[in-house]
Amino acid sequence: MVAELSQVGKVALNAPWLGWRRVITLSADCNPMNLGNWQLETVSGGEFRLDGGAMFGIVPKPLWERIIPADDRNRITLQTNCVLARDGNHTLLIDTGYGGKESERFIEIHGMEQGAPLLDNLYTAGVSPEGIDFVVFSHLHFDHAGGGVVRDDCNALVPAFPNAKYVAQRLEWEVANSGSPELAGNYPPENLRPLEEAGQLRLIEDGEEIVPGLRGLVTGGHTAGHHALTFESGGDKAIYLGDLCPTHAHLRRMWCMAYDMYPLETRRKKPELLAQIADNGWTVLFDHDPVMAGCCIEQDHKREFAISDRLNVL
Ligand SMILES: [Zn+2]
């Protein structure tokens, strides 16, 4: 990335290998981000690539390609921006990326990183798997829940974070384990069963507080039980929107993923939530944006929502 994290003011952000170019206002270096008692930090669960058309649904390629050009296989580069959150009492993770147990073919198709990117990056951040006490999933697709399990010495899949409670919305868990034929492949059971078998699962209801200052708010849209995670402390608020709005290119109402199970719900719920975020000056956190971990937004007549302040990393 060309822009330095410490730069403040209007700059052109150039990431030609990703095809992103933007003129934006940069915040001061915010690594990690302090939000009242919370210290929030982006930890990558691995870069990967998905089909550009699938990432933008009904939006024609000539439009999305101006923002994120595709590679020769029509794939665009994405991140898995997991959030490491600490408040002095808890050390928790939001989402876990795709993990390190996929087949060579799957890794090649999705342009994934080898190894276990999340665990490697946590190690670099000085955090051991044993030190995490909560893992909260926005939803249970492979690129969010896959890093929650690892293979042990006997090649059995076990929780990657042995002391953590794994938190999911009850509705999301029920749908993911329903065995519905139309969801075949959406929720690989090997990502979920080890958590339940280890007795480390905690299912929550819509709006429930997970620990003081962290709640899950069901948004639907992407999946039936998909929820956004809100961090709140000292009058400030940040919202991890999960796949309701995976990158800053998805801020517009109609720019939604073909992966959404309930696209009309996304079109309705996303702008409602973004308007609330803009009006209250909360910070948005993006789960798949390769160049922008978060931002502040304001309502904009032409573009619906405009980025007023960006955070490259937390
Ligand atoms: Zn995703």
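Annotations
- Condition met for T42 (polar (S, T, N, Q) and modelled with pLDDT of 50 or more): yes
- Scanning segment 111-146 for residues that are of a type in the set (S, T, N, Q) and within 16 Å of the chain's Cα centre (by Cα), we see that the one that is nearest to the ligand (Cβ to nearest atom) is S138.
- Residue match in segment 147-157 (condition: within 16 Å of the ligand (Cβ to nearest atom) and surrounded by fewer than 23 Cβ atoms within 10 Å (Cβ to Cβ)): no
- If you go through segment 240-255 and keep only what is more than 16 Å from the ligand (Cβ to nearest atom) and crowded, with 19+ Cβ neighbours inside 10 Å, you end up with just L251.
- Matching entry among N312, N280 (being more than 16 Å from the ligand (Cβ to nearest atom) and buried (at least 20 other Cβ atoms within 10 Å of the Cβ)): N312
- Restricting attention to segment 127-151, the residues being part of a loop (DSSP other than H, G, I, E, B) and either in contact with a Phe, Trp or Tyr (Cβ under 9 Å, 6 or more places away or on another chain) or modelled with pLDDT under 95 (or both) number 6.
- The residue list A156, A164, A176 contains one member that is in contact with a Pro (Cβ under 9 Å, 6 or more places away or on another chain) and under 14 Å from I94 (Cα atoms), which is A164.
- Candidates I297, I307, I239: the one that is within 21 Å of P69 (Cα to Cα) and assigned to a strand (DSSP E or B) is I307.
- One residue from A228, A258, A224 being among the small types (G, A, S), away from the ligand (no atom under 15 Å from the Cβ) and out of contact with any Cys (no Cβ under 6 Å at 6 or more places or on another chain): A224
- In segment 284-294, the residues that are part of a strand (DSSP E or B) and within 15 Å of the ligand (Cβ to nearest atom): L285
- Unique match (being more than 16 Å from D51 (Cβ to Cβ), surrounded by 15 or more Cβ atoms within 10 Å (Cβ to Cβ) and in contact with a strand residue (DSSP E or B) (Cβ under 9 Å, 6 or more places away or on another chain)) among G88, G100: G100
- Failed item, numbered, when S233 is tested on (1) of a type outside the set (D, E); (2) closer than 21 Å to I68 by Cβ; (3) touching a residue at least 12 places away in the same chain (Cβ under 8 Å): (2)
- Qualifying residue in segment 226-237 (condition: aromatic (F, W, Y), more than 17 Å from L140 (Cα to Cα) and surrounded by 23 or more Cβ atoms within 10 Å (Cβ to Cβ)): yes
The values are calculated or read from the model by the stated rules, or taken from the named source; none is laboratory data. Predicted, not measured: the structure shown is a model, and the values here were computed from it. Note that each Cβ is placed from the backbone with ideal geometry, even for glycine, and that neighbours are counted across all protein chains shown.
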